[in-house]
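Here's the structure, in structure tokens; my notes come after.
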Amino acid sequence: MALREIRTVGDPVLRTPCEPITTIDDRVRSLVDDLLETVDMDGRAGLAANQIGVSLRAFSWNIDDEIGYVLNPRIVELSEDEYQDGDEGCLSVPGLWFPTHRAWYARVVGTDLDGKEVVVEGTELMARCLQHEVDHLDGMLYLDRLERSVRKKAMRAIREQL
């Protein structure tokens, strides 16, 4: 297990859709260990594999004292009539938070290291995390979901950090 370095905005791995995990081997087990260890810090809610430089469909979460992971996650349900608007941040966009519109409820289906189906669902922060991490695996950042005027401010703030 290793605490892995977080890739930040501008790194092409964050904009590349991740490949499905087809074989659960030692490399994937090691990846899951690294995801779990790296997300297990104060202020970290979720971590996608590409955020640590691995283009495979896996992420971990650390919400309300529950730490977990899912392989090959896909969103199967989002609340259609209930939404949340709140500031969202990202380890790959350090120090910046912007209002992001998300579904209030989300359900993700994937597998665990034994190949068994896993269902992860939640509301509010957990729903936000699930949507955020699946976006990462699809090569998207939360910045892509910002309203145009807010996105413009976000990009300016990112440029000022460089």
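Of all the options Val13, Val119, Val108, the one that moves most in a Gaussian network model of the chain with Cα springs shorter than 10 angstrom is Val119.
One Cα centroid belongs to segment 112-127, the other to segment 19-48; the line between them spans 14 Å. Out of Leu14, Leu47, Leu96, any idea which swings most in a Gaussian network model of the chain, alpha carbons joined below 10 Å? The residue with the greatest mean-square fluctuation here is Leu96. Considering only Thr22, Thr38, Thr111, the Gaussian network model of the chain with Cα springs below 10 Å gives its largest mean-square fluctuation to Thr22. Normalised by residue count, segment 63-162 yields a Cα convex hull volume of 109 Å³ per residue. In this label model, Asp85 and Asp33 are separated by 4.6 nm, measuring between points 7 Å along each Cα→Cβ vector. Sorted ascending by nearby beta carbons within 10 Å, beginning with the fewest, Trp61, Trp104 become Trp104, Trp61. Helix 148-161 and the long axis of the chain differ in direction by around 80°, with both axes built from C-alpha atoms. Taking the helices alone, the chain has a mean residue ellipticity at 222 nm of -8500 deg cm²/dmol, built from -39,500 (n - 2.57) per DSSP H run of at least 4 residues and averaged over all its residues. As a proxy for reagent exposure, ranking Arg102, Arg44 by other Cβ atoms within 10 Å from fewest up yields Arg44, Arg102.
All Cα-Cα separations within segment 20-119 were binned at 10 Å from zero, giving a P(r) of 14, 43, 35, 8, 0, each value a whole percent of the pairs. When Asp112, Asp65 are arranged by Cβ crowding within 10 Å, least crowded first, meaning fewest neighbours, the order is Asp65, Asp112. Rounded to two decimals, the Cα radius of gyration of segment 37-84 over 2.2 N^0.38 Å is 1.31. Using every pair of distinct Cα positions in segment 1-50, the Kirkwood expression returns a hydrodynamic radius of 12.1 angstrom.
Read-outs: derived from the displayed coordinates by stated rules, not from any lab. All figures in this text were calculated on a predicted structure; none of them were measured in a lab. Glycine also receives a Cβ, built like all others from the backbone with ideal geometry; neighbour counts cover every protein chain displayed.
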